[in-house]
1. Return the residue satisfying two criteria in turn: it lies in the range 76-100 and is among the charged types (D, E, K, R) and open to solvent by 80 Å² or more (accessible area, probe 1.4 Å), and of such residues it is farthest from VAL125 (Cα to Cα).
2. What tally of residues in the range 2-24 results from selecting those that are free of Cβ contacts under 8 Å to residues at least 40 places away in the same chain and either over 24 Å from GLU131 (Cα atoms) or open to solvent by 70 Å² or more (accessible area, probe 1.4 Å) (or both)?
3. What are the residue pairs meeting all of these: first residue in the range 63-80, first residue more than 12 Å from GLY29 (Cα to Cα), second residue acidic (Asp, Glu), Cβ atoms under 6 Å, and 6 or more apart or on different chains?
4. Being in contact with a Ser or Thr (Cβ under 9 Å, 6 or more places away or on another chain) and either in contact (Cβ under 8 Å) with a residue 24 or more places away in the chain or aliphatic (A, V, I, L, M) (or both) is the requirement here; does ASN27 meet it?
5. Filter the range 25-53 down to the residues that are surrounded by 14 or more Cβ atoms within 10 Å (Cβ to Cβ) and assigned to a helix (DSSP H, G or I) and list them by number.
6. Determine whether the range 94-106 contains at least one residue that is touching a Leu at 6+ places or on another chain (Cβ under 6 Å), under 30 Å from ILE2 (Cα atoms), at pLDDT 90 or above and of a type outside the set (Ser, Thr, Tyr).
7. Taking the range 112-134 as the search range and keeping residues that are open to solvent by 40 Å² or more (accessible area, probe 1.4 Å) and part of a strand (DSSP E or B), which one is farthest from PHE18 (Cα to Cα)?
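The values are calculated or read from the model by the stated rules, or taken from the named source; none is laboratory data. Since the structure is predicted, the reported quantities are computational estimates derived from the model, not experimental observations. Every residue, glycine among them, receives a Cβ derived from its backbone with ideal geometry; neighbour counts consider all protein chains shown. Note: areas computed on protein heavy atoms with side chains; ligands, DNA, RNA excluded. Shrake-Rupley method; radii C 1.70, N 1.55, O 1.52, S 1.80 Å.
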Amino acid sequence: MINVEKRLDEFTEMHNGFIRDWNIAMNSGDTSSVERMAEDYYVAFFNSGNEKPIFFTRQEAIQGMEQSVRHFTGAKKKFENRVIRLRDNENAVVFYEQIVVKDENVVARLFTIENWKLINEKWMVIREIEESIQ
């Protein structure tokens with residue numbers, strides 16, 4: 001059985017690659033490398049002023065990512081104040097502030113919580129919570 005420290009290192013390396021893939025997607029418009037969601041994935045999105053979240057399925061989230069990347073082509077996505085915690089050897093949670101910058105202007109700022117699960121030896125996002133903080 002793999003120890004927790006080694007699993008955390010492996011997960012962190014994978015998530016660092018995920019961040020790099022996001023910046024490639026923001027330049028290329030191709031989101032396929034960041035479509036790492038499990039089949040039953042969902043995201044809850046809290047917008048400023050809304051009391052209840054809006055939920056999106058995996059397919060709806062992929063469509064939204066594609067639209068967002070097309071809209072913000074050439075922008076940089078920053079992942080600041082990231083904290084990674086393992087629940088156990090097969091479940092991880094990542095907290096961070098997501099900032100989208102285009103032409104030196106902040107165009108989006110979100111607080112994000114990702115829940116990841118090791119499925120068939122591959123880390124997949126199983127659910128996500130995003131809240132607009134701008």
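1. Going through the range 76-100, the residues among the charged types (D, E, K, R) turn out to be 76-78, 80, 82, 85, 87-88, 90, 97.
With open to solvent by 80 Å² or more (accessible area, probe 1.4 Å) added as a condition, the list becomes 76, 78, 85, 87, 90.
Working: LYS76: 22, LYS78: 19, ARG85: 14, ARG87: 14, GLU90: 12 Å.
Here the answer is LYS76.
2. To start, the set of residues in the range 2-24 that are free of Cβ contacts under 8 Å to residues at least 40 places away in the same chain comprises 3, 5-6, 9-10, 13, 16-18, 20-21, 24.
In the following step, the residues that additionally are either over 24 Å from GLU131 (Cα atoms) or open to solvent by 70 Å² or more (accessible area, probe 1.4 Å) (or both) were identified as 3, 5-6, 9-10, 13, 20, 24.
Residues that pass the stated criteria total 8.
3. GLU80/GLU97
4. On the way: in contact with a Ser or Thr (Cβ under 9 Å, 6 or more places away or on another chain): yes; either in contact (Cβ under 8 Å) with a residue 24 or more places away in the chain or aliphatic (A, V, I, L, M) (or both): yes.
Answer is yes for this residue.
5. ALA25, MET26, SER33, VAL34
6. Going through the range 94-106, the residues touching a Leu at 6+ places or on another chain (Cβ under 6 Å) turn out to be 98.
Next, from what is left, pick out any that are under 30 Å from ILE2 (Cα atoms): none.
There is no residue in the range 94-106 that is touching a Leu at 6+ places or on another chain (Cβ under 6 Å), under 30 Å from ILE2 (Cα atoms), at pLDDT 90 or above and of a type outside the set (Ser, Thr, Tyr).
7. Step one: filter the range 112-134 for residues open to solvent by 40 Å² or more (accessible area, probe 1.4 Å), giving 117, 119-122, 127, 129, 131, 133-134.
So of that shortlist, the ones also part of a strand (DSSP E or B) come out as 117, 119, 122, 127, 129, 131.
On the way: LYS117: 14, ILE119: 16, LYS122: 13, ARG127: 16, ILE129: 17, GLU131: 20 Å.
Among those residues, the one meeting the criterion is GLU131.
Conditions (1) closer than 16 Å to LEU110 by Cα; (2) of a type outside the set (Phe, Trp, Tyr); (3) under 12 Å from the mean Cα position of the chain (by Cα), marked per residue:
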residue: MET26; (1), (2), (3): no, yes, no
residue: ASP30; (1), (2), (3): no, yes, no
residue: ASN47; (1), (2), (3): yes, yes, no
residue: GLU60; (1), (2), (3): no, yes, no
residue: GLY64; (1), (2), (3): yes, yes, no
residue: ALA75; (1), (2), (3): yes, yes, no
residue: PHE79; (1), (2), (3): yes, no, yes
residue: VAL83; (1), (2), (3): yes, yes, no
residue: VAL94; (1), (2), (3): yes, yes, yes
